[in-house]
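*Asks:* Got a structure for you, written out below as structure tokens; questions coming shortly.
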Protein chains: 2
Amino acid sequence: MKKQKTAITPTRQENYADWYQAVVKGAKLASQAEVRGCMNVLPWGYQIWERIQEYMNGRFRLLEIPNAYFPMFMPLSKIQKEAEHVEGFAKECAVVTHTKLEKGADGTLVPAGELEEAMIVRPTSEMIIADYFKAHIHSYRDLPLKVNQWCNVVRWEMRTRMFLRTTEFLWHEAHTAHATKKEASTDAEAMIREYEKLAREILAIPVLIGVKTEAEKFPGAERTYTIEAMMQDQKALQMGTSHFLGQNFSKAGEIRFNTKDEKQEHPYTGSFGLTTRLLGALIMTHSDDDGLVLPPRATQSHVKIIPFIKSEEDRAEITDYCCQLKKDLEEIEFFDQWVGVICDEKDISPSEKKWDAIRSGIPIILEVGKRDIEGGTLMVRKRVGGVEKLTREKLINSLSEILEQMQHEIFEKALHFRNAHTHEATTKEAFFEIFEKENAFVLAPYCDDPKIEDEIAEKCAVTARCILPTKNDSASCIFSGKPTTTWAVFAKAY
Amino acid sequence: MKKQKTAITPTRQENYADWYQAVVKGAKLASQAEVRGCMNVLPWGYQIWERIQEYMNGRFRLLEIPNAYFPMFMPLSKIQKEAEHVEGFAKECAVVTHTKLEKGADGTLVPAGELEEAMIVRPTSEMIIADYFKAHIHSYRDLPLKVNQWCNVVRWEMRTRMFLRTTEFLWHEAHTAHATKKEASTDAEAMIREYEKLAREILAIPVLIGVKTEAEKFPGAERTYTIEAMMQDQKALQMGTSHFLGQNFSKAGEIRFNTKDEKQEHPYTGSFGLTTRLLGALIMTHSDDDGLVLPPRATQSHVKIIPFIKSEEDRAEITDYCCQLKKDLEEIEFFDQWVGVICDEKDISPSEKKWDAIRSGIPIILEVGKRDIEGGTLMVRKRVGGVEKLTREKLINSLSEILEQMQHEIFEKALHFRNAHTHEATTKEAFFEIFEKENAFVLAPYCDDPKIEDEIAEKCAVTARCILPTKNDSASCIFSGKPTTTWAVFAKAY
């Protein structure tokens, strides 16, 4: 059988890792920066990030979490204090030691103006925001105090991969302080539900909501909530976390407040964050061998119009028609935005434009030629769901519905895929047998003992992704044999 | 006469610089960060920056300038190449030399993992975006190419002041490449007009649009456009610049394209940017001795409702009323947004809340007590324009108009102030006499010779702010006596 031609080489089957890089490149989502481990997030990639920001900012407004901006430098002594985190972040942070460059003996520039105390570029703003909390929390009247920031952070990575793991990345980090344990704990859980909603409603990614095991939880957290998705190589990707920090964070940061009955207490805090890693998840969940597939709600541009000009004398007529069509389509509401339309008038062949558009994952392509105008119908090429011939009027009346349908199909496909590769194991043997056959999500009764996870990781590079709070059946831990009611999902992971 | 009590100490008269810091603090716009020269942009300050972003992003969409994100690190060798800028930026940049921290002999952390080549934190992304242009511009078909990014940049400053001059600041920087000189030059001018519109329509700041003199223009630019505003101490503040760079930038970056007739040419480029300095301008243009004054279009929150609960038994009724009022007011459209309402339910006295609100510059304060509810009228306390008693219905019907009126008054007041302190000088003597009497904008015929500006600066710390393209009367340069048709505005400046 002749191999079908694909827009992306290699295919997923041939080489999944290289396919991923080729999709990123083909859709112009990002490119390698000169500094190792950093990336240029190109306009087509950044507009997806902006959609995520826009959606989350809408939620933050409703939840009364204001945005702010904290400095990206902190004194070295600051990280020294945070004993519990030092090990992790200190191993991989950018250290600023000088404040200028001077010409050396050979005329080349060399660092000069050495700082008395070196600074580090934030790997997280936790410690800086602790100071903010300390300065603004005095009384129960000041609680809850919530703040969010969208910013860049740096963690020195040795092995990097576009969006999934880069030295500099973009994220939001929100921090909250509460007067009671219950409020803080409830809030942390509510936020992971927000993330699940973002994944489901915008990115069309089905995720599991779970709690991290003792071994995997954030250092300093009492409980870490997570959302976990399955990529097309059946590996797991952690898409976002929300931490209930108890009083650990406020004790370390010496944050105190006067209660209503005039006692001094440490507030209960939480934090949660999402990174540009989400774009990696989006790419790996939906894309195919022709390139990116964008769920319509995850993009600001939904339609690309490609004028098909065979003869110069038709140019004006076709261009005018496309212009008007763009205007009319942009009047259409879709979910929480307006339909976005690009009219590609570049001086390259329509076929080249079409393949560009397919690789970029734009939901709808409209090729408009003289015959289409005369016939009054348009070829509607859907990135998912084939080609359809519609009258101009019908297109305008049904575009929003077509996009919704596509969003739904993309989600269902991903859900079906995940379900097909999710298994239950009630014995240790069954557990390892599954992973010998394929990458998968394996749900098993588990007694949550870090030593067991070390052993599993050694044996087959599988980690506990999360404990599923929705499953409480009494069973025996398949590793220790101890009775348990907690079930965990295991998988190979990014 | 007894001195009137003000919410801000000292007053503008008493000490302008300290008044500025007190306004920033009183309105909770920003606070000093632990690292010298950096600031925490607090939620109330950041929401103004977000308004600016939102407005500008709307304009960028119309102008087809997409957003992207480029890395903040660049190799030291990169700045070495850019001969013309090196002097400027090399003197004040953060240099990253290490990639981790390790415990030293005494147990404290010390920088480790030294980089073979040091990196600098972007003072501007010009050189990084040159690489982007180089990679994406091959043919006339790829032009114009435009890109913008919102990000943080670092320039090591010795004397810093909140918003006006900080080591780390936020900005947008847009870069454009064009096939023809005319297009690039026209675009650079169009962008300064966009900035003027932002200043006028959103920030209510009247600005002069001008061209920088030879001495003041951006190194490497053929022409630098600027907008200049007058602060309440009658000093000038440069609010934004747009540069026409000719082929200087594309030659240095080795950017080339094939023209339609298959020749190799360097594109013509431009760049333009705005920084968080705008918040400094906003504060210093409008605020008074009671604190910040916010033009309604420059804020996301327009109204603060303060419930006035004298007796606990009224709490439920008053709270419900305030909640409903908030909802109703938030249904009102205002300019390009919806009215934003804060209901201050904090457990502190209404009078404390009121002064908080005044210092924060919120346009409208509504104090709601039992009597107001019963009487069906509300006290509408405008930050500018006094107090008015309105029925609930009347308030809802006229709120948008009240805010527009306030926006207008704030602009007119600033314009009147600037005009009152703008003078023409047609002799050198008259010129210096004015500056002996007061800080001012002085318009004078000027032959644009850098040496003259050096002399003036030495004599009285006055700089040429810009050449006014709208004034072309034939005259003699007041410094050199040479005939000229260019007139420049001089002032002391931030």
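*Asks:* With every protein chain present, what accessible area does B:Glu401 have (1.4 Å probe, heavy atoms only), rounded to the nearest 10 Å²?
*Replies:* Surface accessible to solvent at B:Glu401 totals approximately 130 Å².
*Asks:* Using a 1.4 angstrom probe on heavy atoms only, work out the carbon and sulfur share of the accessible area of chain A in %.
*Replies:* It is 48 percent, rounded to a whole number.
*Asks:* While we're on this one: Taking H as built 1.01 Å from N, whose amide H comes closer than 5 Å to the amide H of B:Ala493, not counting residues under 5 places away?
*Replies:* Residues meeting the amide H criterion: B:Ala236, B:Thr463.
*Asks:* Compute the FRET efficiency between A:Thr186 and B:Thr391 as 1/(1 + (r/R0)^6), taking r as their Cβ-Cβ distance and R0 = 45 Å, and round to the nearest 0.05.
*Replies:* Efficiency computed from Cβ-Cβ geometry: 0.65.
*Asks:* For the stretch A:289-301, just list the computed ³J(HN,Hα) in residue order, Karplus coefficients 6.51, -1.76 and 1.60, θ = phi - 60°, integers in Hz, with x standing in for Gly and Pro.
*Replies:* 6, 9, x, 5, 10, 9, x, x, 6, 9, 10, 8, 10
*Asks:* Report, to one decimal in Å, the Kirkwood hydrodynamic radius for the stretch B:1-156 based on all distinct Cα pairs.
*Replies:* Every distinct Cα pair counted, the radius reaches 20.1 Å.
*Asks:* First obtain the Kirkwood hydrodynamic radius of the stretch A:272-341 from its Cα pairs, then insert it into the Stokes-Einstein equation at 37 °C and 0.692 mPa s, and state the resulting D in µm² per second as a whole number.
*Replies:* So the translational diffusion coefficient is about 221 µm²/s.
*Asks:* Of A:Lys326/A:Lys389; B:Lys25/B:Lys326; B:Lys346/B:Lys394, which sit over 23 Å apart, Cα to Cα?
*Replies:* Violating the 23 Å Cα-Cα cut-off are B:Lys25/B:Lys326; B:Lys346/B:Lys394.
*Asks:* Further, regarding this structure: Convex hull over the Cα atoms of the stretch B:55-116, averaged projected area in nm²?
*Replies:* 7.9
*Asks:* I would also like to ask the following. Return the Rg/Rh ratio of the protein assembly as shown with Cα-based radii and a Kirkwood Rh.
*Replies:* 0.97
*Asks:* Hey, another quick one. For peptide B:122-129, compute the average count of partner chain beta-carbon atoms within 10 Å of each residue's beta-carbon.
*Replies:* Mean partner shielding for this stretch: 1.
*Asks:* Over the whole of A:41-47, what's the average partner chain Cβ count within 10 Å per residue? Rounded to a whole number, please.
*Replies:* Other-chain Cβ atoms within 10 Å of each residue's Cβ, averaged: 5.
*Asks:* Counting only other residues whose beta carbon sits under 13 Å from that of B:Asn40, what net charge do I get with K and R as +1, D and E as -1?
*Replies:* So the surrounding residues net to +1.
*Asks:* So if I take the alpha carbon set of the stretch B:417-494, get Rg, then get Rh from the Kirkwood formula, what is the Rg over Rh ratio?
*Replies:* Computed over Cα atoms, the ratio is 0.92.
*Asks:* Then there's this: Going by average Cβ density within 10 Å per residue, which order do the peptides B:351-359, A:26-34, A:358-366 take, highest to lowest?
*Replies:* So the peptides B:351-359, A:26-34, A:358-366, ranked by packing, come out A:358-366, A:26-34, B:351-359.
*Asks:* Lys and Arg at +1, Asp and Glu at -1: add these up for the other residues within a Cβ distance under 10 Å of B:Asp372 and post the number.
*Replies:* Net charge around B:Asp372: +2.
*Asks:* Sticking with this structure for a sec: According to the Kirkwood expression over distinct Cα-Cα pairs, how big is the hydrodynamic radius of chain B, in Å?
*Replies:* It works out to 25.3 Å.
*Asks:* So, one more: Can you sort A:Phe163, B:Phe218 by 1.4 Å-probe accessible area, starting with the largest?
*Replies:* So, going from the largest accessible area down, we get B:Phe218, A:Phe163.
*Asks:* Evaluate 2.2 N^0.38 Å with N set to the residue count of the stretch A:361-415, then give the Cα radius of gyration divided by it.
*Replies:* This ratio for the stretch A:361-415 stands at 1.22.
*Asks:* While we're here: Applying the Karplus parametrisation 6.51 cos²θ - 1.76 cosθ + 1.60 with θ = phi - 60° to the phi angles of the stretch A:396-401, what ³J(HN,Hα) value in whole Hz is obtained for each residue in order, glycine and proline being reported as x?
*Replies:* 4, 6, 10, 4, 4, 5
*Asks:* Over all Cα pairs of the stretch A:185-328, how is the pair count split among 10 Å bins, expressed in % and running from 0 up to the last occupied bin?
*Replies:* Once binned at 10 Å, the Cα pair distances of the stretch A:185-328 give 10, 27, 21, 17, 12, 8, 5, 2, 0.
*Asks:* Restricting to the stretch B:252-375, compute how many DSSP beta bridges are antiparallel as a %, nearest 5.
*Replies:* Beta bridges within the stretch B:252-375, antiparallel portion: roughly 35 percent.
*Asks:* Quick one: check the C-alpha center-to-center distance for the stretch B:90-150 versus the stretch B:322-377, whole angstrom.
*Replies:* Here the two parts' Cα centres lie 46 Å apart.
*Asks:* If you don't mind, there's one more thing I want to ask. Any chance you could check the Cα centroid distance between the stretch B:391-433 and the stretch A:426-446 for me, in angstrom?
*Replies:* The two parts, judged by their Cα centres, are 72 Å apart.
*Asks:* Starting from the Kirkwood Rh over alpha-carbon pairs, what translational D in µm² s⁻¹ does the stretch A:174-242 have by Stokes-Einstein at 20 °C and 1.002 mPa s?
*Replies:* It comes out at roughly 166 µm²/s.
*Asks:* Quick check on the stretch A:402-449: what does the Kirkwood estimate of hydrodynamic radius come out to from the alpha carbon pairs, in Å?
*Replies:* 12.6
*Asks:* Per DSSP H run of n ≥ 4, the term is -39500 (n - 2.57); total these for the protein assembly as shown, divide by its residue number, and report the mean residue ellipticity at 222 nm rounded to 500 deg cm²/dmol.
*Replies:* Taking each H run of at least 4 residues, the total per residue is -10500 deg cm²/dmol.
*Asks:* Quick one: how many Å² of B:Asp261 are accessible to a 1.4 Å probe, rounded to 10?
*Replies:* Rounded to the nearest 10, the figure is 100 Å².
*Asks:* Show the residues, 5+ positions off or on another chain, whose built amide H is closer than 5 Å to the amide H of A:Cys38.
*Replies:* A:Ala33, A:Thr167
*Asks:* What's the local net charge at A:Glu331, with K and R +1, D and E -1, over the other residues with C-beta under 14 Å away?
*Replies:* -1
*Asks:* How much of B:Trp487 can a 1.4 Å solvent probe reach, expressed as accessible area in Å² and rounded to 10?
*Replies:* 10
*Asks:* Antiparallel DSSP bridges in the protein assembly as shown: what percent, to the nearest 5?
*Replies:* Given both bridge residues lie in the protein assembly as shown, the antiparallel proportion sits at roughly 85 percent.
*Asks:* So, one more: Using the alpha carbon gyration tensor of the stretch B:113-205, what are the three equivalent-ellipsoid semi-axes (square root of 5 times each eigenvalue), largest first, in whole Å?
*Replies:* Working from the Cα gyration tensor, I get semi-axes of 28, 25, 9 Å.
*Asks:* If you take every DSSP beta bridge fully contained in chain B, what fraction is antiparallel? Give it as a percent rounded to 5.
*Replies:* For chain B, the DSSP antiparallel bridge percentage is about 85.
The values are calculated or read from the model by the stated rules, or taken from the named source; none is laboratory data. Predicted, not measured: the structure shown is a model, and the values here were computed from it. Counting neighbours? That spans all protein chains shown, and the Cβs are built from the backbone with ideal geometry, glycine included. To get the accessible areas, we keep the full protein, side chains included, count just its heavy atoms, and leave off ligands, DNA and RNA. Shrake-Rupley method; radii C 1.70, N 1.55, O 1.52, S 1.80 Å.
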